[in-house]
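Asker: I'd like to ask you about the structure that follows.
The values are calculated or read from the model by the stated rules, or taken from the named source; none is laboratory data. Only a predicted model underlies this, so the values are computations on that prediction, with no experimental measurement involved. Here Cβ is always computed from backbone atoms with ideal geometry, including for glycine, and neighbour counts include all displayed protein chains. Each accessible area value is taken on the protein alone, full model and side chains, heavy atoms only, with ligands, DNA and RNA left out. Shrake-Rupley method; radii C 1.70, N 1.55, O 1.52, S 1.80 Å.
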Amino acid sequence: MEKTFVMLKPSAVTRGIIGNILSRLENRGLKIVAMKMTQLTEEKAGKLYAVHKGKPFYESLVEYVTSAPVVALVVEGEDAVKIMRKLVGNTNPKEAESGTIRGDWAMTTTKNVIHASDSVENAKTEMNIFFAPQEILTYKRADENWLY
Ligand code: CMP
């Protein structure tokens, strides 16, 4: 089954909306198979956002994501990358539809509350930054036969 990497950013933690966001993933049918609260170092943030190094928003992005704890997750499901990106909404919250996570809880692109990988390949790279292989678990959801 496909896996994707998700990170609840510092404003999700400090605003107390971790539970609301996780409920949306669970309600949709995605399965949380790894989860960790941690505070990013500049080095780790640099690995996660390596493709954005040198862009005008890079410094403010790193400053924000290292400013308070984050919650890192691996979630699993059929087409998990695509489903997660739909749940999250447009990178710019001003363009994100209401009903999406960013459309409901974010105001700016930098403080856009949540990150979700944009491809299966990037998901693998990103989950490896946060999790050892043995920390990604295998179990069945009780409703799995009714989701697929
Ligand atoms: P995220 O999905 O975590 O991936 C890269 C992040 O860079 C993005 O969300 C935004 O928080 C941040 N960012 C800031 N400015 C921009 C921009 N102009 N274009 C894309 N991403 C941006």
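Asker: When the stretch 73-95 is examined, which residues are found to be within 12 Å of the ligand (Cβ to nearest atom) and crowded, with 20+ Cβ neighbours inside 10 Å?
Answerer: Selection gives M84, V88, G89, P93.
Asker: Across the stretch 15-72, which residue is farthest from the ligand (Cβ to nearest atom) among those that are closer than 16 Å to M127 by Cβ and in a loop (DSSP other than H, G, I, E, B)?
Answerer: L30
Asker: List every residue pair whose Cβ atoms lie under 7 Å apart, where the two residues are 6 or more positions apart in sequence or sit on different chains, the first residue falls within the stretch 82-97 and is closer than 20 Å to L30 by Cβ, and the second residue, located anywhere, is open to solvent by 70 Å² or more (accessible area, probe 1.4 Å) and acidic (D, E).
Answerer: Within 7 Å, the pairs are R85/D118; G89/E97.
Asker: Does any residue in the stretch 6-34 that is in contact (Cβ under 8 Å) with a residue 24 or more places away in the chain come within less than 6 Å, Cβ to Cβ, of a residue that is of a type in the set (S, T, N, Q) six or more places away or on a different chain, and which pairs are these?
Answerer: Taking only residues 6 or more apart or on different chains, the pairs are P10/S67.
Asker: In this structure, does N112 turn out to be open to solvent by less than 50 Å² (accessible area, probe 1.4 Å), within 12 Å of the ligand (Cβ to nearest atom) and assigned to a loop (DSSP other than H, G, I, E, B)?
Answerer: Yes, satisfied.
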